[in-house]
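Before any comments, here is the structure.
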Amino acid sequence: MDENQKERQEATSNQLKLWGDLARDIFEENVQKVQVITDINEIIEILEKIGKSQALNHAFYPSGGGDDLIGSALSSEQQCIELITGKRSAEILKPVSLTFNPIGENPEWWYYRINTKAFEPSGVYEQIEKKQDDNSSDTFKSTRGKEVEWLSSYAGEELVEISPNNYIERFHWDTGFYGYDENGFEKRLPDNSRIITRMYKGGDFVIFSKFSTYNRISSTYDGLHNKYNDEDFRTEIKKVVDKLKK
């Protein structure tokens, strides 16, 4: 084993220990049991701890892809929370529950799942509804085409927030301006403006250690977890853990 491999191995070992310690700090003696939290303030508190912890994480989105969580907060939108992923970026979702799933003894396979439900779009973008007749063209779509369409069915709307609950189209972030003032000059975006992705179509998120095997498998970035309900996904992860024991 060369020096670089040794350093990577040590970093992984340290991070997985921190990931386990984080869960023990949150749940104490209940760390070996599945925990389901429905209170929105408790959900935010736990997500905030995950985001601020030295144990690095990665959150997987229902629409595919993901990002590192750095914090959480109550949204200005009713019954919604923010997943904070950058200094000036966040995802807004409407949580149903947060579940901690400690699969096996190795914290590498301990994960958190956020179940969410749909809420109303902002109205900034015109919503185009597909009207399909009884002779659906799905039959002629490729497997990959159906996969892309399924992922897009959970995609959110990316907007610029210029003040709480006040959204404008995403392209304004690139130009740095929006609209005109009373003198006809372009208005600069406020310093506190942010990029917000409203995950209004619902779907579920999972959060694993950034150093987990799950995070290193490319197929998990296609919203794999969101194709299963809580129990079925837990069963699939348990199968992997049991196989590794053999």
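Results, tabulated for the structure shown:
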item: Some residue of region 10-33 being assigned to a strand (DSSP E or B), of a type outside the set (Gly, Ala, Ser), touching a helix residue (DSSP H, G or I) at 6+ places or on another chain (Cβ under 8 Å) and at pLDDT 95 or above; result: no
item: Criterion violated by Val148 - all others in (1) part of a strand (DSSP E or B); (2) farther than 20 Å from Glu77 by Cβ; (3) β-branched (Val, Ile, Thr) satisfied; result: (1)
item: Check on Leu69, within 30 Å of Val148 (Cα to Cα), of a type in the set (A, V, I, L, M, F, W, C), at pLDDT 95 or above and assigned to a loop (DSSP other than H, G, I, E, B); result: yes
item: Residue check for Ser153: hydroxyl-bearing (Ser, Thr, Tyr) and modelled with pLDDT under 95; result: yes
item: Matching entry among Glu29, Glu48, Glu77, Glu91 (being of a type outside the set (Val, Ile, Thr), within 14 Å of the chain's Cα centre (by Cα) and farther than 23 Å from Thr220 by Cα); result: Glu48
item: Qualifying positions in region 186-203 - surrounded by 19 or more Cβ atoms within 10 Å (Cβ to Cβ), outside any strand (DSSP E or B) and among the small types (Gly, Ala, Ser); result: Ser193
item: Test result for Arg194, touching a residue at least 60 places away in the same chain (Cβ under 8 Å) and touching a Gly at 6+ places or on another chain (Cβ under 6 Å); result: no
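The values are calculated or read from the model by the stated rules, or taken from the named source; none is laboratory data. All values derive from a computational prediction rather than experimental measurement. Reconstructed Cβ throughout: ideal geometry from the backbone, glycine too, with neighbour counts over all protein chains shown.
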